[in-house]
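> Questions regarding the structure given below will be posed in turn.
Readers should treat all values here as calculations from the given coordinates under stated rules, not as data from a laboratory. Note that the structure is a prediction, hence the values are computed from the model and not measured. Neighbour counts run over all protein chains shown; Cβ positions are idealised from the backbone, glycine included.
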Amino acid sequence: MRSMGCNMMLVLSTVLFTLAPKVAASYRQFTIDFTSCNPLNSSSQTHHAAVVTRNGTTGQIVLAAAPDATCHGTPAYFHTIDHDIDADGFIYGALDFDLTACSNKTELGVYGAFAGDVGEVYGLSYTVSLTKYEEDFNWLHTGDSLLYRMAAASDSFFACNVSINGETRMALSWGVHQEIPAIAPPVGCDWTTVTTKDINSTAGGACSL
């Protein structure tokens, strides 16, 4: 019986992530919103719903700004089964997107979001990208705020202009501000604030690639 139990645990641990879509159903799902400067009013910000988008230009899958205000963001959830707790008591986990219901059958699966390692290189930014069946346990979801583990105090999220399938669109990025001649976002980027909205408070969510 003990041998059978060990074998069952091994099988369970092996297939757990394959069954992630079913596990995801028990998590609090939300959509992601990020801001950029309003070109018509510098004192206000424009809000963008983040939609999972395949960028044929680079081959990446990114979190791009929805094409219009009527489009809702792609549903995400925070995975903390394999979490870690830092010295301040914050629980870090993975930011995952369950795309098993998408119409594009070749893309079905659960995707984990990754932010590049920018260290302390001033002016450098990387577009947040998604990888199928992989996870990055450096995300922090607290209240309605979405954060990422910083390697340096200068690290931050940015809303950056990116070429996506031949068009320039805003995409959520991770980077370091410029320091010379003054503190400013990386070239082509805006300061941003990243928040979440529970699915129940939005009209569903967009499933897009």
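> What FRET efficiency comes out for the pair residue 57/residue 85, r = Cβ-Cβ distance, R0 = 45 Å, nearest 0.05?
On the way: r = 39 Å, r/R0 = 0.86.
About 0.70, to the nearest 0.05.
> Okay, next question. With the cut-off at 1.5 for a/c, could you classify segment 35-187 from its C-alpha gyration tensor as rounded, prolate or oblate?
Numbers: a/c = 1.60, a/b = 1.08, b/c = 1.48.
Here segment 35-187 falls in the oblate category.
> Residue 142 to residue 165: extension gain in nm, 0.36 nm per residue of separation minus the Cα-Cα distance?
Values: separation 23, 0.36 × 23 = 8.28 nm, distance 3.32 nm.
Length difference between fully extended and current span is 5.0 nm.
> What is the distance in Å between the Cα centroid of segment 133-155 and that of segment 44-77?
Cα centroid to Cα centroid, the span is 18 Å.
> Using a Förster distance of 25 angstrom, determine the FRET efficiency expected from the C-beta separation of residue 151 and residue 38, and round it to 0.05.
On the way: r = 31 Å, r/R0 = 1.22.
With R0 = 25 Å, the Cβ-Cβ based efficiency is 0.25.
> Report P(r) for segment 50-131: all Cα-Cα distances, bin width 5 Å, range 0 to the bin holding the largest distance, values in whole percent.
Spelled out per bin, shortest first, that is 3, 12, 18, 21, 20, 14, 8, 4, 1.
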